[in-house]
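Every read-out reported here was derived from the displayed coordinates using simple, explicitly stated rules and does not represent laboratory data. Note that the structure is a prediction, hence the values are computed from the model and not measured. Positions of Cβ are generated from backbone atoms using ideal geometry, with glycine treated the same way; all protein chains shown enter the neighbour counts.
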Amino acid sequence: PSFPVRAISIPLPTDRWGYPNDAPVDPGFWEQYLLRTCLENKLNAVVILVRQGMKYKRHPELDGPAAWDQDTVRRIVATLKAHDIEPIPLLDSLGHANWLVINAKQLREDGDTNTLCTRHPDAKPYLLDCYEEVIDVFQPRHFHMGLDEIRWQTYNKPEAERCPLCKGLDKREVFREW
């Protein structure tokens, strides 16, 4: 391989909300699948979308219905590291934040089930709690915050209907502040 970083991005298979027809995934099977995929393709890094696929001790209300416990995820991370494959955790922290705002409704921007209201006073503490738990499990060199595809529905509404926390602010300023 001629590239210094050869990676894929893949969610934990337990990272889906409200799909009762999804068959449960055996962690050992997924661990071997991921390892085999990385080794066969000479990958040296994996961005793992954690979100609601792992159980949180501080915020169990965020756990997805099939979430794996932290020790299971820790074992998968250790297997990858033992083969010189760097696991990089990803927690979407603005857009794609449904993993967070589905059950933490107070953090939704204008009720949008995909976007976090960055100006809500509980947003940073919630995320920092989750970051700390994921960092404890992964012990990563890198961490992906997933700051993409931000919708900011409040800017598509008339001024009188906008989020009182964001009203009157330029969205570039809100993003910079976040």
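Okay, here's what the table says:
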item	result
Lone cysteines, the chain (no partner Cβ under 4.7 Å)	Cys38, Cys117, Cys130
Gaussian network model of the chain, springs between alpha carbon atoms under 10 Å - residue of Asp110, Asp63, Asp26 with greatest fluctuation	Asp26
Local electrostatic count at Glu177 - Lys and Arg +1, Asp and Glu -1, tallied over other residues with Cβ under 15 Å	+3
Fluctuation leader among Thr14, Thr79, Thr115 - the chain, Gaussian network, Cα springs under 10 angstrom	Thr79
Charge dipole magnitude, Cβ of K and R +1, D and E -1 - segment 1-81, Cα centre, debye nearest 20	340 debye
Förster radius 30 Å - calculated FRET efficiency between Asp129 and Arg75 (Cβ-Cβ, nearest 0.05)	0.85
DSSP-defined antiparallel bridges as percent of all bridges, the chain, nearest 5	5 percent
Label assignment, Rg and Dmax of the Cα atoms in Å derived from the structure, set (1) 15.9, 55; (2) 17.7, 56; (3) 27.8, 106	(2)
Whole-Hz couplings from phi, Karplus 6.51/-1.76/1.60, listed for segment 53-62; x for Gly and Pro	x, 10, 6, 9, 6, 7, 9, x, 5, 8
For the chain: relative contact order, % (alpha-carbon pairs under 8 angstrom, 6 or more apart)	20 percent
Which of Ala67, Ala82, Pro24, positive extreme of dipole for segment 1-92 (C-beta unit charges)	Ala82
Cross-link pairs beyond the 32 Å C-alpha cut-off, checked among Lys55/Lys167; Lys42/Lys124; Lys81/Lys124; Lys57/Lys81; Lys105/Lys171	Lys55/Lys167; Lys42/Lys124
Neighbourhood charge, 11 Å Cβ-Cβ cut-off, centred on Arg6 and excluding it, Lys, Arg +1 and Asp, Glu -1	0
